[in-house]
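The structure under discussion appears below in the form of C-alpha cells.
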Amino acid sequence: MKVLVTGVAGFIGARLAQVLLARGDAVVGIDNLNDYYDPALKHARLALFNRHEGFEFVQADLADASVVAALFNRHAFDAVVNLAAQAGVRYSIENPAVYLQSNILGFGHVLEGCRHHRVGHLVFASSSSVYGANTRLPFAEHHNVDHPVSLYAASKKSNELLAHSYAHLFGLPCTGLRFFTVYGPWGRPDMAPIKFARGIAAGERIPVFNGGEMARDFTFIDDIVEGVVRVLDRPATPDERWSGEAPDAATSRAPYRIYNIGNGSPVALMDFVGALEQAIGRKAQIDFMPMQDGDVKATHADIARLNADFGYRPSTPLGDGVARFIEWFRDYYRTS
C-alpha cells in the first residue's frame with residue numbers, strides 16, 4: 001500500500017511512518033518544517049528514514065494548492081493520513097491566522113486531492129479539544145461539540161464537518177480520530193511532558209495550572225499509532241442504521257466515522273508529575289498557577305467504539321511509558 005502521511009516530521013507522523021515502513025508499505029511524507037518549535041527536532045525525526053527505499057519526503061506547505069495537486073498527480077495513493085496542522089491551543093489565541101491557513105485551507109487541499117484521485121481512505125487528525133465547554137465525562141463521540149473554547153478546537157471541528165461533506169458528496173471514505181494527550185519518545189517540546197521533564201531535570205520551577213487540579217487522558221505514542229494503523233486498514237463505510245430522525249454524530253449514511261483515540265483512563269496531572277519525578281530521580285519544584293484561557297480542567301476518552309470496531313485497547317502502563325520517554329529525553333537532550 002502507498003500511503004501519504006502529512007505532518008510526517010511531527011511527533012505522531014514520524015512514528016506512524018516508521019510503523020508503516022516496517023510492515024512493508026511505501027510512505028510519502030510531506031511537512032513544511034515550520035519553526036513553531038525547534039525544527040532541529042523535526043530534522044532529527046526525519047533522519048530516522050535516511051536511506052529507506054520505501055520513503056520519500058516532500059518539504060512543502062499544504063496551504064499551497066499547486067504543490068498538493070502536483071503531489072497527488074505524481075503518486076497513486078491508496079490511503080492518506082492527514083496529521084499536518086498548526087498545533088497548540090494557547091498559540092491559537094496569539095496567532096489565529098495560521099490556524100485558518102494550515103488547519104482549514106490546507107486540509108481542504110488534501111480533501112480535493114483525495115476526491116479527484118479516488119483515494120481509498122482518508123484518516124485525519126481531530127482532537128479532544130473539540131469537546132470544548134462540555135464537562136460531561138468521559139467524552140463520547142455522540143456528545144455535542146458545538147462550543148469550542150479555542151480557535152484550534154474550532155479548526156478541528158471544521159475538519160470533521162468538511163470531511164463529512166466530502167464523504168457525502170463524493171463517496172470519499174473518511175475517518176476522523178480525536179486524539180487525546182499523547183506522550184512518549186520524540187514528543188513535542190511545547191507540550192507538558194517535555195516542559196516538565198526539562199524543569200525537573202534542571203532543578204527549575206515548573207508551572208502547574210489550575211492549582212494542579214487537572215487530569216489528562218495521557219496515552220503512550222505506540223498505543224496511539226497502533227490504533228491509527230488499525231483504522232487505516234479498514235476504510236469507513238456507510239452506516240445503514242443511521243437515522244436523520246436521531247442523528248449520531250459519529251457515523252453517517254456516508255462513508256464517515258469519528259472515533260476517540262486515547263487511553264480511556266485519565267491521569268491526575270500531579271500523578272503524571274510524580275511519574276516523571278520517579279523516572280528522573282528528582283523532586284519537582286512547582287509554581288501553582290491559575291487556569292489558562294482556552295484550557296479545560298479534564299479530559300477522559302470514552303474509547304468503547306474504537307474498541308468494539310477495531311479491538312483497540314491501549315496496553316502501556318503509565319510508569320513504563322514515562323520511563324521510556326525519559327530514557328529518550330536524556331539521550332536526545334543530553335541530560336543526566
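The values are calculated or read from the model by the stated rules, or taken from the named source; none is laboratory data. Since we're looking at a predicted model, the values are computed, not measured. Neighbour counts run over all protein chains shown; Cβ positions are idealised from the backbone, glycine included. Just so you know, the surface numbers come from the protein's heavy atoms only, side chains and all, with ligands and any DNA or RNA stripped out. Shrake-Rupley method; radii C 1.70, N 1.55, O 1.52, S 1.80 Å.
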Would you mind getting me the FRET efficiency between residue 332 and residue 90? Use the beta-carbon distance for r and R0 = 35 Å, nearest 0.05. 0.90
May I ask which of 156/283; 157/297; 42/297; 2/157; 42/156 have a Cα-Cα span longer than 25 Å here? 156/283; 42/297; 2/157
Treat the chain as a sphere of radius equal to its Kirkwood radius over Cα pairs and apply Stokes-Einstein at 10 °C in a medium of 1.306 mPa s; give the translational diffusion coefficient in µm²/s, rounded to a whole number. 78 µm²/s
Rounded to the angstrom and largest first, Cα extents along the principal axes for segment 252-310 equal 53, 29, 13
Once both label points are put 7 Å beyond Cα along the C-beta direction, the residue 309-residue 101 separation in nm becomes 3.4 nm
What are the ³J(HN,Hα) couplings of segment 178-184, residue after residue, when phi is run through the Karplus curve with 6.51, -1.76, 1.60 and θ = phi - 60°? Round to Hz, x for glycine and proline. 8, 6, 9, 4, 9, 9, x
Using the heavy atoms of the protein chains alone and a 1.4 angstrom probe, what is the accessible area of segment 194-292 per residue in square angstrom? 46 Å²
Sorted by chain and number, the residues with a modelled amide H under 5 Å from that of residue 182, at a separation of 5 or more or across chains, are 219
Leaving ligands, DNA and RNA out of it, work out the accessible area of residue 270 with a 1.4 Å probe and give it in Å² to the nearest 10. 70 Å²
Percent antiparallel among DSSP beta bridges with both residues in the chain, to the nearest 5? 5 percent
Can you pull the one-decimal nm distance between simple spin-label points at residue 147 and residue 285, each 7 Å off the Cα toward Cβ? 4.0 nm
How much area per residue is accessible in segment 110-173 when the probe is 1.4 Å and only protein heavy atoms are counted (Å²)? 42 Å²
In deg cm²/dmol, rounded to the nearest 500, the helical mean residue ellipticity at 222 nm of the chain, built from -39500 (n - 2.57) for every DSSP H run of length 4 or more, is -11500 deg cm²/dmol
Stretched fully, the stretch from residue 74 through residue 118 gains (0.36 nm per residue minus C-alpha distance, one decimal, in nm) 14.5 nm
Between residue 48 and residue 241, what is the label-to-label distance in nm when each label sits 7 Å out along the Cα-to-Cβ direction? 3.7 nm
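Quick one: pull the percent of accessible area on the chain belonging to carbon and sulfur, 1.4 Å probe, ligands and nucleic acids left out.
For the chain, the apolar C and S fraction of the accessible surface comes to 50 percent.
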Return a whole-number percent for the relative contact order of segment 139-292, with Cα pairs under 8 Å and 6 or more residues apart as the contact set. 37 percent
What is the log10 of I(q)/I(0) for segment 31-144, computed with the Debye formula using one identical point scatterer on each Cα and no solvent, at q = 0.09, 0.21 Å⁻¹? -0.31, -1.29
Note to self: Kirkwood Rh of segment 182-336, Cα pairs, one decimal, Å, is 17.4 Å
Projected-area mean, segment 158-225, by convex hull of Cα positions, square nanometres: 6.7 nm²
